[in-house]
Amino acid sequence: MSSESWPSEWLKGILPLCVMAIVIENETHGYAIAQSLEERGIPSVKGGTLYPLLSRLETEGLVSTRWVQGPSGPGRKLYAPTPEGHFWFHANSQRWTSFTTTTVALLQHHDNEGNRWRTETKSILNDSLGG
């Protein structure tokens with residue numbers, strides 16, 4: 001689904017965890033985080049969404065920051081996980097995995113019910129049309 005946007009209400013819930021997953025891999029800057037998200041199937045995370053989120057993660061003590069000189073221009077703010085950030089990430093990724101397992105099971109149950117309903121409806125229509 002990399003060419004299409006996910007619903008914003010879905011992203012709002014999972015984006016902090018996805019950003020932390022990238023920051024935990026290595027110290028990085030905001031633009032690289034946005035690129036990495038896009039490469040991994042979460043397109044179009046705008047700066048107006050990403051930078052306030054990074055600021056909130058910093059305020060909450062989950063990431064630390066430092067400024068470094070850019071290779072050929074202005075400085076960059078780099079983000080790295082704190083020990084609390086590592087703990088938060090691992091605890092919440094386990095919780096998210098449990099949540100998604102539960103919701104996938106629920107949705108698959110209803111998808112199977114929907115498939116059965118469509119099959120039964122098609123059969124009834126075929127019978128009523130003499131097909």
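The values are calculated or read from the model by the stated rules, or taken from the named source; none is laboratory data. None of the values given here were measured: they were computed from a predicted structure. Cβ atoms come from the backbone with ideal geometry, glycine included; neighbour counts cover every protein chain shown. SASA here: full protein model, heavy atoms, side chains in, ligands and nucleic acids out. Shrake-Rupley method; radii C 1.70, N 1.55, O 1.52, S 1.80 Å.
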task: Filter segment 85-97 for residues that are in contact (Cβ under 8 Å) with a residue 24 or more places away in the chain and not aromatic (Phe, Trp, Tyr) and give the result.
output: 85, 86, 92, 93
- prompt: Any idea how many residues of segment 56-75 are under 24 Å from residue 11 (Cβ atoms) and surrounded by 14 or more Cβ atoms within 10 Å (Cβ to Cβ)?
  reply: 5
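Quick grid of which residues meet (1) part of a loop (DSSP other than H, G, I, E, B); (2) touching a helix residue (DSSP H, G or I) at 6+ places or on another chain (Cβ under 7 Å):
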residue: 6; (1), (2): yes, no
residue: 9; (1), (2): no, no
residue: 13; (1), (2): no, no
residue: 18; (1), (2): no, yes
residue: 31; (1), (2): no, no
residue: 37; (1), (2): no, yes
- prompt: Across segment 29-54, what is the total count of residues that are free of Cβ contacts under 8 Å to residues at least 40 places away in the same chain, under 24 Å from residue 71 (Cβ atoms) and open to solvent by less than 60 Å² (accessible area, probe 1.4 Å)?
  reply: 8
- prompt: Are there any pairs with C-beta distances below 7 angstrom linking a residue in segment 98-109 that is under 14 Å from residue 14 (Cα atoms) to a residue that is at pLDDT below 90 and surrounded by 10 or more Cβ atoms within 10 Å (Cβ to Cβ), with the two at least 6 apart or on different chains, and if so which?
  reply: none
task: Test residue 92 against the criterion of being surrounded by 14 or more Cβ atoms within 10 Å (Cβ to Cβ) and out of contact with any Ser or Thr (no Cβ under 9 Å at 6 or more places or on another chain), and give yes or no.
output: yes
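This table checks each residue for (1) within 25 Å of residue 7 (Cβ to Cβ); (2) of a type in the set (S, T, N, Q).
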| site | (1), (2) |
| --- | --- |
| 36 | yes, yes |
| 55 | yes, yes |
| 66 | no, no |
| 96 | yes, no |
| 108 | yes, yes |
